[in-house]
Amino acid sequence: MTNLLSRRETLIGMTALSVAGSAHAAAPADSAAALLDRLTWQLLDLVPERATGLGVDSGAHTDLRRRLEDRSPAGMAARQHFLTQALAELARLPRAGLDPSTATSIAVVESAFRTALDGMALPYGVATIGEWRNTPYAVVQNVGSWLDVPQMLDGDQPIRDAADAEAYLARLAAMPAQLDGETVRIRQARGLGVVPPSFLLDKTVAGMTRTLAEAAKADGPLIGPLARKAASIPGDWTNRAARIVTSAIIPALDRQLAELRAQRAVATDAAGMGTRPHGPEWYAWGLRAGTTTRRSAADLHAMGRARLADLQAQMDAILRKEGLTQGSVAERAIAYQHRPGIGFPDGDEGRRQIVAYMQGRIDAIRPRLPLAFRRLARGNLEIRRMPLAQEPGAPAAYGGPGTIDGRVPGKVWVNLGDPSIHNRVTIPDLVYHEGIPGHVWQGEYAQRLPLIRSVLAFNAYSEGWALYAEQLADELGMYEGDPAGRLGYLIGLAWRAVRLIVDTGIHAIGWSRDQALTEFIAATGLPRSNAESEIDRYCAWPGQACGYEVGRAEIVAQRARAQAALGPCYDLRDFDQAVVDGGNVPLTVLGDNVSRYIAATRR
């Protein structure tokens, strides 16, 4: 099987390299806009799932709706070739006379492509192009085709007619090759001595075993979305899907599960990158990708400690007003969350109430948004439960915008596997972060820019904005008369501050999982089940968690700079508008955008 896979991957990779090379040959005469447009579609050809997520897999690009990205070694080589050629073309592009928006787009593309290419030079792992899930492990509890394809088919894949249903089946048929490509890479990584920690593999094996058990069911994660979406379209869709799942996908999942079990047999409980080959080098790159800065682990660790001390003082003041004076801040925060009226019932009724409460917070903030923005986005979103197989290894929630045409709404995916992780303390800041005015809201502004700007994202900006969105909610009065919500807001900020401490503790200092859990729970008071998912996420995505507070702090610093420079001419609405209109950018480019806003306001 390995030899067959290698030959197939080599042929696919050679084809991809040939297509990319011929397309690049005509590049030098392109204008900046034409070059950016061409690079956009060449990138989407490598990662067609993103075209579906944005809703641009139509017209001349409809074939993208039928395909999945190649995650084999040859697929990774095709990405490297694309990035190398694209950066060379961008370097040759004349810059004189470019308008600020185009100049910003070029700076954004160059930063994303250079960072990704440098990551791909490392001997293992996943270095994404303008995404946030960079990881040394190609398959783990929160990464891999076994999770990504079912979620995409359920949440993003449109089925409006028979051609769409055929495209769904084509993607099912492509899934075994994607799985096998991943399996080759994780087997190669094991040969280098790189396997995930044992506790991550336990979650991964359990989750994939569950996926296998449900894969062939008519209402399962692979067939169920097609059965629902194509119910009114004539055709034998469900049975055709079942044949693909049974004959090809399940065997590929079995092959990948066998490799994961082989990894588990040699895994240790060492949580961080420090014990792995090239681990310190990989973590340095992960911090760079996660923060779009060159800040050291020691600097970030100290930053987290200082921020946490300030936030805990604010939490202490609220808890004392609520009559909780004994014990640590975290212990009292936990006690507060156990008070009557704070939590929700167990089971499906509790899950229903959680979603309803989340929707209520979204509805409540909408009328206040004109106080923070000059031009309002639509804020088109829905709250959905995560796929069941994903929940054990996933955070409390995550979200993002829908398609550019608005036909598929943005999503706040909520983890309802353990309803006890959600309550009236933890929910408000969560929905402002993931939904409005956080990820979904900001993403809709980015979708007004050239397409490449929606394809590429920067973790420090996107997560920094979402954390800043929680601050905006506070400034807009969403926690007035709601001590539970305000406490949750501060807990959420403390959570992001402690991420700096824990992420660097795990990967640079050498903390164990238990050490990280103790530190995290002591700092935040979050439930242990929530804390475990968080710590395991930091182990799987080294450096990513550091982007939140670094990004928020930079946005706040830029706001202070604008206030000082503009004095009475400063208006929060104009600053926020400048930040979202500038799109998702590295933090260095954010400063340039704010400088232009200051200069324009002075005129």
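For region 267-278, give me each residue that is assigned to a helix (DSSP H, G or I) and surrounded by fewer than 19 Cβ atoms within 10 Å (Cβ to Cβ). I'd like the intermediate steps shown before the answer.
Going through region 267-278, the residues assigned to a helix (DSSP H, G or I) turn out to be 273-275.
Matches in region 267-278: Gly274, Thr275.
Looking only at residues in region 226-255 that are under 25 Å from Val408 (Cα atoms) and open to solvent by less than 30 Å² (accessible area, probe 1.4 Å), the one that is farthest from the chain's Cα centre (by Cα) is Ile233.
Could we say that Arg407 is open to solvent by 20 Å² or more (accessible area, probe 1.4 Å) and either touching a Leu at 6+ places or on another chain (Cβ under 7 Å) or not hydrophobic (A, V, I, L, M, F, W, C) (or both) here? Yes.
Here's a check for you: in region 507-522, which residue that is in contact (Cβ under 8 Å) with a residue 60 or more places away in the chain and under 24 Å from Gly417 (Cβ atoms) is least open to solvent (accessible area, probe 1.4 Å)? Steps first, please.
We begin by selecting, within region 507-522, every residue in contact (Cβ under 8 Å) with a residue 60 or more places away in the chain; these are 507-513, 516, 521-522.
The next check asks that each one be under 24 Å from Gly417 (Cβ atoms); those that pass are 513, 516, 521.
Working: Arg513: 44, Ala516: 0, Ile521: 38 Å².
Among them, the one singled out is Ala516.
Scanning region 263-272 finds no residues that are without any contact (Cβ under 8 Å) to a residue 24 or more places away in the chain and of a type in the set (Lys, Arg). Scan region 528-543 for residues that are touching a strand residue (DSSP E or B) at 6+ places or on another chain (Cβ under 9 Å) and either in a loop (DSSP other than H, G, I, E, B) or open to solvent by 10 Å² or more (accessible area, probe 1.4 Å) (or both) and the total you get is 2. The single condition among (1) under 30 Å from Leu587 (Cα atoms); (2) in contact with a Lys or Arg (Cβ under 8 Å, 6 or more places away or on another chain) that Gly279 does not meet is (2). Checking Arg424 against (1) in contact (Cβ under 8 Å) with a residue 60 or more places away in the chain; (2) over 19 Å from Gly583 (Cα atoms); (3) out of contact with any helix residue (DSSP H, G or I) (no Cβ under 6 Å at 6 or more places or on another chain); (4) among the charged types (D, E, K, R), which single condition isn't satisfied? Result: Arg424 passes all but (3).
Within region 63-88, count every residue that is over 24 Å from the mean Cα position of the chain (by Cα) and open to solvent by 60 Å² or more (accessible area, probe 1.4 Å).
Summing the residues that are over 24 Å from the mean Cα position of the chain (by Cα) and open to solvent by 60 Å² or more (accessible area, probe 1.4 Å) in region 63-88 gives 3.
Evaluation of Ile521 against the conditions (1) under 16 Å from Leu493 (Cα atoms); (2) modelled with pLDDT of 95 or more shows that the sole unmet condition is (2).
Among the residues of region 89-126, those that are open to solvent by 20 Å² or more (accessible area, probe 1.4 Å), farther than 13 Å from Trp285 by Cα and assigned to a loop (DSSP other than H, G, I, E, B) comprise Pro94, Arg95, Ala96, Gly97, Leu98, Asp99.
For the residues Ala242, Ala231, Ala227, Ala252, the requirement of being within 20 Å of Arg66 (Cα to Cα), of a type in the set (Gly, Ala, Ser) and touching a Leu at 6+ places or on another chain (Cβ under 7 Å) singles out Ala252. Sort out which residues of region 544-586 are open to solvent by less than 20 Å² (accessible area, probe 1.4 Å) and either of a type in the set (Asp, Glu) or assigned to a loop (DSSP other than H, G, I, E, B) (or both), and write them in order of number. Across region 544-586, the qualifying residues are Glu549, Asp576, Gly582, Gly583, Asn584, Val585, Pro586.
The values are calculated or read from the model by the stated rules, or taken from the named source; none is laboratory data. Note that the coordinates shown come from a computational prediction; the quantities given were computed from them, not determined experimentally. FYI the Cβ positions are ideal-geometry reconstructions off the backbone, even for glycines, and counts take in every protein chain you see. Surface areas here come from the heavy atoms of the whole protein model, side chains and all, with no ligands, DNA or RNA. Shrake-Rupley method; radii C 1.70, N 1.55, O 1.52, S 1.80 Å.
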